[in-house]
Amino acid sequence: MIQTSQAFAHHGSIEAHRRAHVPRLPPEHSTGRIRLHDLWQLRFEFFDQLGREGLIRVERENPIMRGLRGSEIALSAEAEPFLMNDARAMGLRNLLSAIGATAIDDQFFGREWHTIEAATNDPSLVAGDDDQCQGYGGARRHAVSFTQGGRAAQGDVSKGVKVSRYLFFVSELYAFAILRPLQQVIRARGDEAAWFLERESLAEFLHADEQRLSSVRDVIKWQSEAVFVPGNWVPSFFPGLKVEVFHGFSVGKRSESRGHFRVRGTFDLYCTQGPDTTAPFEMLQRELGYFRVKETGWPKLDPLFQDRYASRSETRPVVLYASTFTESITSARVLKDTIAESARRGDWQWLVTLHPKMAPEVIAAYRELAGPHLRFSMTDDILELYAQADVLLSDTSSVVPEFLTQHKPVVTFRNRKPGPQLLDVQQVDEVLPAVRTAIERPPELMHAIREYADRIHPYRDGKSSERVLEAARSAIREGTIGLRAKPLNLWRRLQARKRLGYWGL
């Protein structure tokens, strides 16, 4: 029961919501001493408590609650064998409202977390599990609403619920396909997501129902709990946990120290795609100590394994061509005539897409090849093309491992990191024969592809976005305990401010 007094007397007594939610430490039934739990929680609450006053107190007697002051609310354990720990205010808006978190030590069920919210000008109370007692931002409360003398209504309610907010930081077109599956999961939980675009030209790719924050000041005001980034940088002054979700797989374009495994001292959490990525980052984590690593799978691939794309009507083999934009390794200029000749003959149905950073004249040249046997597409969702194609033709591009996760063959032209999972060729006249071989799917090749796919991305359940969000929420709860301080990075911080034209606090 929630017992109210004096200022909150109009609430009456109401049944308290009980649900084991965040088991932490074993119950301690002694009183009058500093508890390990108190030290555990201190790191989350120190800064949030500055300038705030605790208006909720729980007596340590079992099961009688007494001695309340007018501005306090008590959780009464009734006849159940509970001991109550002191509650702390978690988010006061003013002296007429109180929000607190109470740890309940249960002899049989262990520790439970609850939040209580009340206001003198509102006849309702809200109580619920506080699963985000956190160090990076505000807490989302999966709340149940109580009215005078009423029972708890399970689930989220609009009144009294603090919705979690998340930010997507976008520098390139490819980020949309990576982050939209994550946005879908966030929305399904009743939370909110917003987009900040580094370049105005990206705005045309936002959907009508997607929220954009147009300025850095809007981002500061938004106060996100976490910022999800597919690129390699994020402003340190953006509120929230900084989460790297990667723009692709490691394909050996650059040395590891300059490429996929370069750590710039800006991220709090790396959500890795599979064992091939996890192991190097865990080694870096042990060495540097100021970030966490969690293997989650890659959000971008979720739709591919959820059967979202309609089956194709084309009966001929479909070959997808995609190339990197890096001039030193791209095959786009060299293979254009070969692809054009094959498309004129109608050997197969060709799909062609190019990286948005590709030289404009190359994009224009391929666009002119469009016809009955070749479809050119500049899209922010390449997964649809993956689903339609039987074979990929590429070079040293990040699309290669993405396509291989489907257990489909890939032909590469002068790949910098070839392996048994690829049909790699060195000469132009070898390309089309290699494509014919790939279409036949030789068993030895397919076995190597499956082994490779399991190393880079073993998750085929379409739930990587859910794992990413849970990893972020877990990192928020843990705060910075056990982590070293991030490097100061003054020069990089100044560069970020200059890049965004923001010099405020």
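The values are calculated or read from the model by the stated rules, or taken from the named source; none is laboratory data. Quick caveat, the model's predicted, so the values are computed rather than measured. Don't worry about glycine lacking a Cβ; one is built from the backbone with ideal geometry, like all the others, and counts go over all protein chains shown. Side chains included, ligands, DNA and RNA excluded: accessible areas come from the protein's heavy atoms. Shrake-Rupley method; radii C 1.70, N 1.55, O 1.52, S 1.80 Å.
Key figures for this structure:
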{"read-out": "Tabulated pairs, region 477-505, first over 17 Å from I220 (Cβ atoms), second surrounded by 16 or more Cβ atoms within 10 Å (Cβ to Cβ) and of a type in the set (S, T, Y), C-beta under 8 angstrom, 6+ apart or interchain", "value": "G479/Y136; K486/T266; N489/T266; R492/T266"}
{"read-out": "Every residue from region 187-215 that is among the small types (G, A, S) and under 15 Å from D380 (Cα atoms)", "value": "S201, A203"}
{"read-out": "Hits in region 396-447 (condition: under 31 Å from the mean Cα position of the chain (by Cα) and assigned to a helix (DSSP H, G or I))", "value": "V399, V400, P401, E402, F403, L404"}
{"read-out": "Test: residue in region 478-496 that is hydrophobic (A, V, I, L, M, F, W, C) and touching a strand residue (DSSP E or B) at 6+ places or on another chain (Cβ under 8 Å)", "value": "yes"}
{"read-out": "Options A194, A188: the member that is open to solvent by less than 10 Å² (accessible area, probe 1.4 Å) and either over 13 Å from the mean Cα position of the chain (by Cα) or free of Cβ contacts under 8 Å to residues at least 60 places away in the same chain (or both)", "value": "A194"}
{"read-out": "Test: residue in region 380-397 that is touching a helix residue (DSSP H, G or I) at 6+ places or on another chain (Cβ under 7 Å), open to solvent by 10 Å² or more (accessible area, probe 1.4 Å), farther than 30 Å from E244 by Cα and at pLDDT below 95", "value": "no"}
{"read-out": "Boolean, R455 is closer than 30 Å to P418 by Cα, open to solvent by 40 Å² or more (accessible area, probe 1.4 Å), touching an Asp or Glu at 6+ places or on another chain (Cβ under 7 Å) and not in a loop (DSSP other than H, G, I, E, B)", "value": "yes"}
{"read-out": "Cross-chain or 6+ apart pairs with Cβ under 8 Å, region 290-314 first and over 30 Å from L483 (Cα atoms), then open to solvent by 30 Å² or more (accessible area, probe 1.4 Å) and hydroxyl-bearing (S, T, Y)", "value": "L301/Y459; P303/Y309; F305/Y459"}
{"read-out": "P418 vs. criteria touching a residue at least 12 places away in the same chain (Cβ under 8 Å) and not acidic (D, E)", "value": "no"}
